[in-house]
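Inspection log for the structure reproduced underneath, given as structure tokens.
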Amino acid sequence: MKTIEANFDGLVGPTHNYAGLSRGNKASISHAGNVANPKQAALQGLEKMKALSELGFVQGVLAPQERPDIATLRRLGFTGSDSRILSDATQQMPAVLAACCSASSMWTANAATVSPSADCVDGKVHFTPANLINKFHRSIEHEVTGNILKATFNSPEHFVHHQSLPSTEYFGDEGAANHTRFCHEYGQQGVEFFVYGKEAFNPESASPQKYPARQSLEASQAIARLHQLDPDKVVFAQQNPAVIDQGVFHNDVIAVGNRNLLFCHEQAFVDQTGVYESLRKAYGPQDFHIIEVTDQQVSVAQAVGTYLFNSQLLSLGNGGTMIIVPSECENDPAVWNYLQSLVNNSNCPITDLKVFDLRQSMNNGGGPACLRLRVVLNEQELAATNQNCLINAPLFSTLSSWVKKHYRDQLSEKDLADPLLLTESRTALDELTGILNLGSVYPFQN
């Protein structure tokens, strides 16, 4: 039975804005206060989905969160009509209102950790939504994320949906941004690679000093247990605390992998040589390729600035690998020269290069890899997936028209209190759930 890796990209929501909410994410902070273009952001994301679908890859779409999040503001003690709540939150806690308007669910690499059926004892695909407790604006996502995932992968015969881990820093979980799977073929049992920033129950362990370590070892271990993974096919590695303090807030800003290839910076991990040895041992006798980029070739600062490693590695039918990068890589001479050296090297597993303009997302701290959640599916599992969420030419056209109809061209922080924005957003999302056949996944629909 044929098995593929599908990419489910997050649809950028109508409240996409630059509030600078993510400490440790240099792009997010440096663009704080700028005027965003939600319409352009959503269309840029859809163009990437369409292009990959046209190249023959299975491409899906995940719906955004309801924003502004009035339900959370009510939990925080704001009362009255929705417009009254927006007004009072603006007066009393503008930073909280901004958090409750964040469109950060577009970065579905943080939506969940996914293990394919080939890796799990029960032979089903397992999903665990990330609790994202390190940032308030993201910690309010996981319940609706779970609703959306259940509506997209809605067959109990094939899919298992877990609750998010307990909402405490001891089990801080940031999802697939710190998780990679290696395998010979997608349908064969693979090696699941979990990268963590700290050992929460071991205060003596190494940790960053400037920025927070968002993923704990204990969270990664819990997910491996929940997903019924073979311990001999799981590798845990600690992210280098020094690079976290340089703005590498997730592993997918410093490393990316696919099939039998790991592409990473030489400063990505603690005990990097030991990590390589553990991966090769778990992977087995087949060829396992590691492309390690030296700091002399591309510095950590350049990697963070261009999101070289926040790229997608996609397996091609001819046995090669395509790398998907943002246009910022093309604009940095050192990074671009390095990428050219890869694709022009006949011995390199990376054979093709494709560039996308994702400026709206990049300015808020998310590149190509942030925008997608990888889900390995065999033929039966793909058939059991909500077909309305799979990108094709008609759905692309429908969603593009939907964005153009409902989204604004400009949005600044001061616009977040506009009651019309809430109405526009809810109207758009209500229509979207019909397009994608999701049912009632949002609080306002219940």
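Below, the figures for the structure above:
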| quantity | calculated |
| --- | --- |
| Calculated on alpha-carbon atoms, Rg and Dmax of segment 83-180 in Å | 15.8, 52 |
| Amide H contacts under 5 Å for Thr113, placed H, 5+ residues apart | Thr128, Ala130, Ala176 |
| Rounded to 5, the percent of DSSP beta bridges in segment 252-344 classed as antiparallel | 60 percent |
| Crossing angle, helix 272-283 versus the chain [Cα axis fit, 0-90 degrees, rounded to tens] | 80 degrees |
| Listed residues Cys101, Ser315, His161: farthest to the positive end of the dipole of the chain (Cβ charges) | Cys101 |
| Separation in nanometres of the label points that stand 7 Å from Cα toward Cβ, at Asn331 and Thr427 | 3.4 nm |
| Full-stretch length increase - Lys354, Ser341 - with 0.36 nm per residue and alpha-carbon distance subtracted | 3.2 nm |
| Tilt relative to the chain, helix 38-54 - C-alpha long axis, 0 to 90 degrees, to 10 | 40 degrees |
| Label-to-label distance, nm, for residues given as Ser400 and Asn318 (7 Å Cα→Cβ offset) | 2.7 nm |
| Long-range amide H partners of Ala6 with built H, under 5 Å | Val375, Val376, Leu377 |
| Shape call, segment 368-425: gyration tensor on alpha carbons, a/c limit 1.5 | prolate |
| Cα long-axis angle, helix 217-226 against the chain (0 to 90 degrees, to the nearest 10) | 90 degrees |
| Mean separation of Cα contacts under 8 Å, 6 or more apart, over the residue count of the chain: relative contact order % | 24 percent |
| Distance in nm between pseudo-label sites at Arg74 and Val35 (7 Å out along the Cβ direction from Cα) | 3.4 nm |
| For Phe269, residues with placed amide H under 5 Å, excluding near neighbours | Asn240 |
| Rounded if a/c under 1.5, otherwise prolate or oblate - segment 306-446, Cα gyration tensor axes | oblate |
| Mean residue ellipticity (222 nm) of the chain, computed from DSSP H runs ≥ 4 via -39,500 (n - 2.57), nearest 500 | -9500 deg cm²/dmol |
| Length gained when the stretch Ile291-Ala393 is fully extended (0.36 nm per residue, less Cα-Cα span) | 33.2 nm |
| Paramagnetic reach from Lys2 in segment 171-187 [backbone N under 15 Å; point 7 Å along Cα→Cβ] | 186-187 |
| Stretchable slack from Leu420 to Phe236, in nm (0.36 nm times residue separation minus alpha-carbon distance) | 61.6 nm |
| Euclidean distance of C-alpha centroids, segment 216-288 and segment 96-120, integer Å | 19 Å |
| Share, in percent, of DSSP beta bridges within the chain that are antiparallel, nearest 5 | 50 percent |
| Check: segment 169-272 dipole with +1 on Lys, Arg Cβ and -1 on Asp, Glu Cβ, in debye | 180 debye |
| Check: the chain dipole with +1 on Lys, Arg Cβ and -1 on Asp, Glu Cβ, in debye | 700 debye |
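Coordinate-derived values only; no laboratory data. This is a predicted model, so every value here is computed, not measured. FYI the Cβ positions are ideal-geometry reconstructions off the backbone, even for glycines, and counts take in every protein chain you see.
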